[in-house]
């Protein structure tokens, strides 16, 4: 009987220790965000418009975020900002071609058929390549988007998420 009690006590201690470790490793929730500050960070320090577009302003290389607030939860937005490579929709993956002379161009794939690759290059110029003129071509692994885990403070991250959560579609003018 004493062995059983001792074994049960050890199991309880192990369970408590595991719970403590999990509680310590769980990230603190973000503070309440300010959407106005988030909008400034989006266009400024975050440099998000370098790749993303909102209501007709910004780049066409990355996904258009005009309605991201209606398709993503704040938790999903946080995950995307901290670990952009965790989930990349197929239509948002970058494509890379290497020409016969060794030039490498990466951009947004627009069309891929039996004979040709069409894409937007980093300068948003439409580029068409005959597959027979390429050394190689294919999708790029991972994400071009940087993680904002160290670039933005927790408050700034909360502000950007608050801003993105307000983006629910094109505003009528």
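Counting alpha carbon pairs within less than 8 Å and at least 6 residues apart, what relative contact order, in whole percent, applies to the range 94-139?
41 percent
Give or take rounding to whole Å, what are the principal axis extents of the alpha carbon atoms in the range 94-139, in descending order?
Here the spans come out as 23, 22, 16 Å, largest first.
Would you mind ranking 115, 129 so that the residue whose beta carbon has the fewest other beta carbons within 10 Å leads the list?
Result, fewest neighbours first: 115, 129.
Put a dot 7 Å past each Cα toward the Cβ at residue 133 and residue 55; how far apart are the dots in nm?
Calculated label separation equals 4.1 nm.
So what is the orientation-averaged projected area of the range 71-173, using the convex hull of its C-alpha atoms, in nm²?
8.9 nm²
The numbers here are math on the coordinates, done by the rules we state, and not lab data. What you see is a predicted model; the values in this text were computed from it and never measured. Quick reminder, even Gly has a Cβ in these numbers, built from the backbone with ideal geometry, and neighbours come from all protein chains shown.
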